[in-house]
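Just below is one structure, and these are the notes that go with it.
The values are calculated or read from the model by the stated rules, or taken from the named source; none is laboratory data. Because the structure is predicted, anything quoted here is derived from the model rather than measured. Glycine gets a Cβ as well: all are built from the backbone with ideal geometry, and neighbour counts include every protein chain shown.
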Amino acid sequence: MQKKGIDLTVLNQLIGEYKDNKGALIPLLQKAQEHYGYLPELVMSEVAKALNMSSADVYGVATFYKQFRFNPMGKYVIKVCHGTACHVAGVNILDTMFDQVLKIKAGETTEDGLFTILSVACLGCCSLAPVIMINDETYGHLNTDKLVKIIDSYRAKEGK
């Protein structure tokens, strides 16, 4: 079944699995996000109906936890480390470069849906500072030139 361009078939199956379980809201939202990549408003509304909750209550729970997203993520998720070592090594310069090269800031996705930037507290790669991860690939000892080359290589993969 589709509503507003969103296929609810998988969501309805998930609701069937979780509907009668006490404390089902968070696991249901997690599974829905895993499937859709984020939590569309329609999905949260359908979850609320199925669990006999208000949409406001579902939204309140979802916004309380940082794990939940309300906008689609880019194909390439860039995690920018802002831990102490990266801060000292100049991660702020990389943030400026992302703003100039991709025209987005942390928490945003490029218009073409290719990149999303996330600011993270620590990636655990302090010896590589400043460091980023793009999906599962780690890039360290970065400067602005290296960063531009990395971004260009991902654009080239996509023919852009």
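Can you tell me which residue is nearest to the chain's Cα centre (by Cα) among those in the range 50-78 that are more than 12 Å from GLY107 (Cβ to Cβ) and in contact (Cβ under 8 Å) with a residue 40 or more places away in the chain? Outline the logic, then answer.
Kept after step one, since they are more than 12 Å from GLY107 (Cβ to Cβ), are these residues of the range 50-78: 50-65, 67-68, 72, 75-76.
From the residues that got through so far, the ones that are in contact (Cβ under 8 Å) with a residue 40 or more places away in the chain too are 72, 75-76.
Working: PRO72: 7, LYS75: 10, TYR76: 10 Å.
So, considering only residues that are more than 12 Å from GLY107 (Cβ to Cβ) and in contact (Cβ under 8 Å) with a residue 40 or more places away in the chain, the one nearest to the chain's Cα centre (by Cα) is PRO72.
Considering every residue within the range 79-89, establish whether at least one is of a type in the set (Lys, Arg) and in a loop (DSSP other than H, G, I, E, B).
If we filter the range 79-89 for residues that are of a type in the set (Lys, Arg), which is where we start, we get 79.
Keeping just the survivors that are in a loop (DSSP other than H, G, I, E, B) gives none.
For the range 79-89, residues of a type in the set (Lys, Arg) and in a loop (DSSP other than H, G, I, E, B): absent.
Being of a type in the set (S, T, N, Q) and on the phi > 0 side of the Ramachandran plot is the requirement here; does ASN52 meet it?
Working: of a type in the set (S, T, N, Q): yes; on the phi > 0 side of the Ramachandran plot: yes.
It is true that ASN52 is of a type in the set (S, T, N, Q) and on the phi > 0 side of the Ramachandran plot.
Report yes if GLU46 is outside any loop (DSSP other than H, G, I, E, B), at pLDDT 90 or above and under 14 Å from PHE68 (Cα atoms), otherwise no.
Working: outside any loop (DSSP other than H, G, I, E, B): yes; at pLDDT 90 or above: yes; under 14 Å from PHE68 (Cα atoms): no.
For GLU46, the condition - outside any loop (DSSP other than H, G, I, E, B), at pLDDT 90 or above and under 14 Å from PHE68 (Cα atoms) - is not met.
On the basis of being out of contact with any Asp or Glu (no Cβ under 7 Å at 6 or more places or on another chain), outside any strand (DSSP E or B), closer than 30 Å to TYR154 by Cα and without any contact (Cβ under 8 Å) to a residue 24 or more places away in the chain, does GLN13 make the cut? Walk me through how you get there before you give the answer.
Working: out of contact with any Asp or Glu (no Cβ under 7 Å at 6 or more places or on another chain): yes; outside any strand (DSSP E or B): yes; closer than 30 Å to TYR154 by Cα: no; without any contact (Cβ under 8 Å) to a residue 24 or more places away in the chain: yes.
Criteria not met by GLN13.
Looking only at the range 125-148, which residues are loosely packed, with under 13 Cβ neighbours inside 10 Å and closer than 21 Å to THR110 by Cβ? Show your work before the answer.
Step one: filter the range 125-148 for residues loosely packed, with under 13 Cβ neighbours inside 10 Å, giving 127, 135-137, 141, 145.
Scanning the range 125-148 gives ASN135, ASP136, GLU137, ASP145.
Of these, ASP57, ASP152, which one is surrounded by fewer than 18 Cβ atoms within 10 Å (Cβ to Cβ) and not assigned by TED's automatic domain parsing to the domain that holds HIS35? Reasoning before the result, please.
Values: ASP57 fails: not assigned by TED's automatic domain parsing to the domain that holds HIS35.
It is ASP152.
List, please: which pairs have Cβ atoms under 6 Å, are six or more places apart or on different chains, and start with a residue in the range 94-110 that is closer than 17 Å to MET133 by Cβ and touching a residue at least 24 places away in the same chain (Cβ under 8 Å) and end with one that is outside any loop (DSSP other than H, G, I, E, B) and polar (S, T, N, Q)?
Note: pairs meeting the criteria are MET97/THR144; ALA106/SER119; THR109/THR116.
So, in the range 109-124, of the ones that are more than 12 Å from VAL80 (Cβ to Cβ) and part of a loop (DSSP other than H, G, I, E, B), which residue ends up farthest from the chain's Cα centre (by Cα)? Walk me through it before giving the result.
Start the filter on the range 109-124 by keeping residues that are more than 12 Å from VAL80 (Cβ to Cβ), which leaves 109-114, 124.
Of the ones still in play, those that are also part of a loop (DSSP other than H, G, I, E, B) are 110-114, 124.
Details: THR110: 12, GLU111: 15, ASP112: 15, GLY113: 12, LEU114: 12, GLY124: 19 Å.
Taking the candidates together, the pick is GLY124.
Go through the residues of the range 88-101 one by one and say whether even a single one is within 18 Å of the chain's Cα centre (by Cα), surrounded by 16 or more Cβ atoms within 10 Å (Cβ to Cβ) and at pLDDT 95 or above. Reasoning before the result, please.
In the first step, residues of the range 88-101 are kept if they are within 18 Å of the chain's Cα centre (by Cα); the result is 95, 98-99.
Keeping just the survivors that are surrounded by 16 or more Cβ atoms within 10 Å (Cβ to Cβ) gives 95, 98.
From what's left, at pLDDT 95 or above: none.
No - not one qualifying residue is present in the range 88-101.
Within the group VAL43, VAL10, which residue is over 13 Å from VAL61 (Cα atoms) and surrounded by 19 or more Cβ atoms within 10 Å (Cβ to Cβ)? Walk me through how you get there before you give the answer.
Numbers: VAL10 fails: surrounded by 19 or more Cβ atoms within 10 Å (Cβ to Cβ).
Residue meeting the stated conditions: VAL43.
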